[in-house]
Amino acid sequence: MHILILVVVTMLISVVQAIMPVVNILGHAKPPLLLGVVIYYALGNKKSWVIAAAILAGLLHDTLSHIPFGVSSLAFTLIGLTIHSQQENLFTQQWITSALLGAVSGFVLTVFLYLVLVGSNQLQMAFVAMLVKAVGVGLIAVLTTPVVCGIIRGLEEKLGLLKSSTGEIY
């Protein structure tokens, strides 16, 4: 049941992310909803769930964009495992935690993808334009990450999948 929830929620969120418009004033940034899925699983679950969420979210992200297959999975996995390694130092159930992690992770993700795409000659974008977009993605993630985390947590609570108030999955 848990894997089904992960797959269905991630697929639905990828569809929503795909149809979301870009925010022109923020460097054509798009809401990083799939990053919110990874952050949710990184904040309150076992490492295997973080990796599964990161790989699935990354593959869907790459499928819906011009990024080489697997690059986003690597980025999401690195971000997810970094957050997961700091679980005991974070207030994992606070919206401010997911908002701040979303901001930082959105910025890092954008810079990482930029470096990979420029390094492989698949993108020609000025560094300053990328920085504006990275800041834009981070700002949008401040708003969207707590919403995505709250939706997934609420769904898991309604389905009785949460073991404790920490949010850890059975």
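The values are calculated or read from the model by the stated rules, or taken from the named source; none is laboratory data. Just so it is clear, the structure is predicted and the values come from calculations on it, not from any experiment. Don't worry about glycine lacking a Cβ; one is built from the backbone with ideal geometry, like all the others, and counts go over all protein chains shown.
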State which residue pairs qualify: first residue surrounded by fewer than 17 Cβ atoms within 10 Å (Cβ to Cβ) and inside the stretch 1-26, second residue assigned to a helix (DSSP H, G or I) in any location, beta carbons under 7 Å apart, and separation of 6 or more residues or different chains. I5/L155; I5/E156; V7/L56; M11/L60; V16/L33; V23/G136; V23/I140
Considering only residues that are among the small types (G, A, S) and out of contact with any His (no Cβ under 7 Å at 6 or more places or on another chain), look in the stretch 15-51 and name the one that is farthest from H61 (Cα to Cα). G44
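Out of the stretch 83-103, which residues are loosely packed, with under 14 Cβ neighbours inside 10 Å and assigned to a helix (DSSP H, G or I)? Walk me through it before giving the result.
Step one: list which residues in the stretch 83-103 are loosely packed, with under 14 Cβ neighbours inside 10 Å, which gives 85-86, 88-89, 91, 94-96.
Within the stretch 83-103, S85, E88, N89, W95, I96 meet the criteria.
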Note: among I55, I67, just one is β-branched (V, I, T), surrounded by 14 or more Cβ atoms within 10 Å (Cβ to Cβ) and in contact (Cβ under 8 Å) with a residue 40 or more places away in the chain, namely I67
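Conditions tested, residue by residue: (1) out of contact with any Cys (no Cβ under 7 Å at 6 or more places or on another chain); (2) acidic (D, E); (3) at pLDDT 95 or above; (4) assigned to a helix (DSSP H, G or I).
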{"residue": "P31", "(1), (2), (3), (4)": "yes, no, yes, no"}
{"residue": "Y40", "(1), (2), (3), (4)": "no, no, yes, yes"}
{"residue": "L59", "(1), (2), (3), (4)": "yes, no, yes, yes"}
{"residue": "S72", "(1), (2), (3), (4)": "yes, no, yes, yes"}
{"residue": "A75", "(1), (2), (3), (4)": "yes, no, yes, yes"}
Report, by residue number, each residue of the stretch 126-160 that is under 21 Å from I67 (Cβ atoms) and touching a Leu at 6+ places or on another chain (Cβ under 8 Å). V132, K133, V135, G136, V137, I140, A141, T144, T145, V148
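Select from the stretch 17-44 the residues that are of a type in the set (V, I, T) and touching a Leu at 6+ places or on another chain (Cβ under 6 Å) and list them in ascending order.
Applying the first criterion (of a type in the set (V, I, T)) to the stretch 17-44 yields 19, 22-23, 25, 37-39.
I39 - this is the single residue of the stretch 17-44 that is of a type in the set (V, I, T) and touching a Leu at 6+ places or on another chain (Cβ under 6 Å).
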If you scan the stretch 72-125, which residues turn out to be under 17 Å from L33 (Cβ atoms) and not aliphatic (A, V, I, L, M)? S72, S73, F76, G80, W95, S98, G102, S105, G106, F107, T110
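Restricted to the stretch 112-163, and to residues that are of a type in the set (S, T, N, Q) and part of a loop (DSSP other than H, G, I, E, B), which residue is nearest to D62 (Cα to Cα)? Let's see the steps before the verdict.
Filtering the stretch 112-163 for residues of a type in the set (S, T, N, Q) gives 120-122, 124, 144-145.
Subset that is part of a loop (DSSP other than H, G, I, E, B): 120-122, 124.
Numbers: S120: 15, N121: 17, Q122: 14, Q124: 18 Å.
The selected residue is Q122.
For the stretch 104-131, enumerate the residues that are among the hydroxyl-bearing types (S, T, Y) and either surrounded by fewer than 17 Cβ atoms within 10 Å (Cβ to Cβ) or at positive phi (or both). Write out each step before concluding.
Applying the first criterion (among the hydroxyl-bearing types (S, T, Y)) to the stretch 104-131 yields 105, 110, 114, 120.
Once the filter is applied, which keeps residues that are among the hydroxyl-bearing types (S, T, Y) and either surrounded by fewer than 17 Cβ atoms within 10 Å (Cβ to Cβ) or at positive phi (or both), the stretch 104-131 yields only S120.
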Using the structure shown, decide if F91 is within 23 Å of V8 (Cβ to Cβ) and modelled with pLDDT under 95. no
Look through G44, G27 and report the one residue that is modelled with pLDDT under 95 and in contact with an Asp or Glu (Cβ under 9 Å, 6 or more places away or on another chain). G44
